[in-house]
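What follows is one structure encoded as C-alpha cells, with my remarks underneath.
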Amino acid sequence: MLEQLLIFTRGGLILWTCKELGNALKGSPIDTLIRSCLLEERSGAASYNYDAPGASYTLKWTFHNELGLVFVAVYQRILHLLYVDDLLALVRREFSEIYDPKMTVYNDFDETFRQLRMEAEARAEELKKSKQMVKPVNNSKKQGQAQKAGFDKGNKKREGSSAAGGGDDNDEGKGRKLENGNSNGKNFEIDEPRMTAAVNGKENTSSNFSAFDVSKLQKRTKGGKKTDTVVNKGSKVDPKKKVTKKNRVWDDAPPETKLDFTDPVDGNGNEKMEVVPASQGESMMDVEEIISSDSGGEEDDNVQKDSKPEATKKGWFSSMFQSIAGKANLEKGDLEPALKALKDRLMTKNVAEEIAEKLCESVAASLEGKKLASFTRVSSTVQAAMEEALVRILTPRRSIDILRDVHAAKEQRKPYVVVFVGVNGVGKSTNLAKVAYWLLQHNVSVMMAACDTFRSGAVEQLRTHACRLQIPIFEKGYEKDPAIVAKEAIQEATRNGSDVVLVDTAGRMQDNEPLMRALSKLIYLNNPDLVLFVGEALVGNDAVDQLSKFNQKLADLSTSSTPRLIDGILLTKFDTIDDKVGAALSMVYISGAPVMFVGCGQSYTDLKKLNVKSIVKTLLK
C-alpha cells in the first residue's frame, strides 16, 4: 500500500499531498531524502531506503526540471509495488498541465489522483497476468520427485556394492552416472572415464587416462635430495665458519667514514633531539590560498570537441538558428556526449568510476526537460551544472571549527579528544604531529596518546614527535588494550589541564575484523569529540571501499544504538598527485564527511585547508 505521495517545488514549498492516504509517516523520510540524496547529487539513483524505528520505507521520485517540481512517493519496503514508477509519470504529466506558479493550493487534484492511481494499479495487474501467461507450464513437482528417486536409487546401488565388499564395479559406475546425468526422471548414461579406487586409498588407477602418481613424485623428490647431498659433499664448506662479504675497493684512496644520520647521543646514552619551536614558521592552515580566476573557455572547447560528431549531423543554418532561438527542451540524447566526456575527464583525475557515473546521472536528471537558453551550448550548460554539483558536494554541510570547539570544551573543564583512524601507511602519526604544531601556534596545550600498541616502533615514532614539539605524551608500551590506554590518557589530560588529546591508533585494513572491533570499542568507550579518517590522495577506486567499509564496520560492531561514524577527513600526500585530486571528491561523496585538513609536505608547517574552488577547477580542467 502506498503510504504517501506529495509534490513540492525545488525551493521546498509543498504544493499537494494525498489526503486520501493520510498516513502519518514515522520519522522524517522526506527531509532525509532531500538532505542525503537530492542535495548531495544522488538524485540519479532509482530509489532511496529509509529506516525508522518500527518502519522501513522506500522512496521513489521524479522531477519536472522546466517547472522546478519534485514528485515523491513513499511506501513500505516490504511491499514491492510495481505501479509506483508508472503512477509518478502519470501524476507528473497531469499536474504539469494544471500547474500555476501563483497557486499554492491544488485541492482539485485529489479526484484526478484517484483515477490515475486506479489506472496505474490496473496496468500493473494486467502486466502481472500477462507475465504469468507467458511463463512456460511444467510439472516441477513430478520432476523433483523423479530426480529424488534417481538419487535414492543411485545411493542404494552404491551402498549395496560397498556392503558386498567391493562387488561389481559397474554398479558403482551406474550409481555415479545416475547421480550426475538424470534429467526429468530419466537416467542417461554419460560416457566418462571410469575410475576404480580401493577402500584404503592406496590404489589410484584409471582405464582411459593416467591419474596423479604419488610414487613417481616421491622418487623425484628422493632423487633431488640425493643430488643436493652430492653437491654439498663436493663443496666441503665448514658450517661453523661464516662467510662475510668484503667491501669492493675501487682505487687506492683511503676508506670513507661510515655514514650515520641518526641523532647524536650524549654521555648518558640519551638521544639529543632537535627541538622545533612553535614560532619556526606559520602553518599553511592559516594562510589563504589565492586562486586565479581564468575563464573556462578551453574546457568548453574540449567538451565541444567530444560532442562534435553528434553536432555535425545538422546543417550550419539549423545549428545557428537553434543557438539563437534556444532549444525547446533538453533530452537525454542531447546530454549524453557532453556527460560522457565529463565522466572520462573525472576518471582521469582519479575520481572513482562508480562516483563519476553517479554524478553524471544526477546532472542528467537535473537538466533533462529544461529549456536551453539562447546563445548557449549544451556542453557549457552541462559543465556549469557539474561545477555547481561539485561545489555543493565538497562544501561541508555543517561547520566544524576545531578551535571554537576546543575553547567550548575548555569552558566545560574537559579536554577535546581527536582520534586518528585509517589504513596502514597513510601517515597518521606524521599528520597528527602537524595538527599538534598548528594547535600550538594558537596557544592550545596538546597531549599525545600513543594508542598504536600493535605496530613495532609506533610508540617511539610518536615519542620523537613529542620531544621535538616539546609536548607531553601518554604511553603504556605495546600489547595493551588501546581503548584503556586512550581512557587513561584522557584522565591524565583532565588532571594536567591539557586542552586537546590527539589519539594515535594502529593502521588497519577495512576487512580486518579484530582490529576494526578494537577500534569500535575505543570510540565507544571514550566518545571522542572528533573522529578523523586519514586517507591518501593517491587512491582511486579504493577510496570508496575504504571509507564505506570503515563506516559500516564502526556501525555494525558498535554496541551503541547510535554508533559514532567518521566526522572528518585528513587527506595526506597531496603534494605528490599533481592534478589527480579526485580522491577528495570520492571520499566526501561516499561518506558525507568534509575534508578538514590536507597534508602537502614533510615538515610540520605543511598542513592546509581544502580549497573547494581550486579542486573543482582542477577536476574540470
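The values are calculated or read from the model by the stated rules, or taken from the named source; none is laboratory data. Keep in mind it's a predicted model, so treat the numbers as computed, not measured. So basically every Cβ, Gly included, is an ideal-geometry build from the backbone, and we count neighbours across all protein chains shown. These accessible areas exclude ligands, DNA and RNA; they are computed on the full protein's heavy atoms, side chains included. Shrake-Rupley method; radii C 1.70, N 1.55, O 1.52, S 1.80 Å.
Projecting label points 7 angstrom from Cα along Cα→Cβ for Asp51 and Glu488 puts them 3.6 nm apart.
Of the beta bridges in region 402-611, as assigned by DSSP with both residues counted there, near 5 percent are antiparallel.
Rounded to the nearest 20 debye, the dipole magnitude of region 332-394 is 200 debye, with +1 charges on Lys and Arg beta carbons, -1 on Asp and Glu beta carbons, and the Cα centre as origin. The order of Asp86, Asp504 by accessible area, most exposed first and with a 1.4 Å probe, is Asp86, Asp504.
Between Met103 and Ser561, full extension at 0.36 nm per residue minus the direct alpha carbon distance yields a gain of 160.5 nm.
Taking amide H positions as modeled 1.01 Å from N, with prolines and chain starts lacking one, the residues under 5 Å from Thr453 and 5 or more places away or on another chain are Ala506. For region 572-609, backbone nitrogen atoms closer than 20 Å to the point 7 Å from Asn512 Cα along Cα-to-C-beta are found at 572. Both the radius of gyration and Dmax for region 332-394 are 11.4, 35 Å, in that order, over alpha-carbon atoms. Rounded to the nearest 20 debye, the dipole magnitude of region 2-125 is 320 debye, with +1 charges on Lys and Arg beta carbons, -1 on Asp and Glu beta carbons, and the Cα centre as origin. Placing +1 on the Cβ of every Lys and Arg and -1 on the Cβ of every Asp and Glu, with no other charges, gives region 402-611 a dipole of roughly 440 debye about its Cα centre.
Extension gain, Asp401-Ala373: 0.36 nm per intervening residue step, less the Cα-Cα distance, totals 6.0 nm. Placing unit charges on each Cβ (+1 for Lys and Arg, -1 for Asp and Glu) gives region 2-125 a dipole about its Cα centre, and among Leu21, Ala55, Ile98 the Cα reaching farthest toward its positive end belongs to Ala55. Neighbours of Leu25 by Cβ distance under 12 Å: Lys/Arg scored +1, Asp/Glu scored -1, total -1.
Applying the Karplus relation 6.51 cos²θ - 1.76 cosθ + 1.60 with θ = phi - 60° to region 608-613 yields 3J(HN,Hα) values of 9, 7, 7, 8, 5, 5 Hz, where x marks Gly and Pro. Our coupling estimate for region 412-422, obtained by passing each phi through the Karplus curve with A = 6.51, B = -1.76, C = 1.60 and θ = phi - 60°, is 8, 6, 9, x, 8, 9, 10, 10, 9, 10, x Hz, Gly and Pro reported as x. Amide H contacts for Leu15 (H built 1.01 Å from N in the peptide plane; partners 5 or more residues away or on another chain; cut-off under 5 Å): Ile7, Phe8, Thr9. Based on the Cβ-Cβ distance of Thr9 and Lys245, what FRET efficiency does E = 1/(1 + (r/R0)^6) give at R0 = 56 Å, to the nearest 0.05? The value I calculate is 0.10.
Model label sites at Thr348 and Leu39, defined 7 Å from Cα along the beta-carbon direction, differ in position by 3.4 nm. Taking every protein chain into account, the accessible area of region 332-394 amounts to 42 square angstrom per residue (probe 1.4 Å). Each residue of region 477-487 was assigned a 3J(HN,Hα) from its phi angle through the Karplus expression (A = 6.51, B = -1.76, C = 1.60, θ = phi - 60°), giving x, 10, 6, 10, 6, x, 5, 5, 4, 5, 5 Hz with x at Gly and Pro. Among Val378, Ala389, Ala338, whose Cα sits farthest toward the positive end of the charge dipole of region 332-394 (+1 at Cβ of Lys/Arg, -1 at Cβ of Asp/Glu, about the Cα centre)? The residue sitting most towards the positive pole is Val378. Hydrodynamic radius of region 2-125 by the Kirkwood approach over all distinct alpha-carbon pairs: 14.9 Å.
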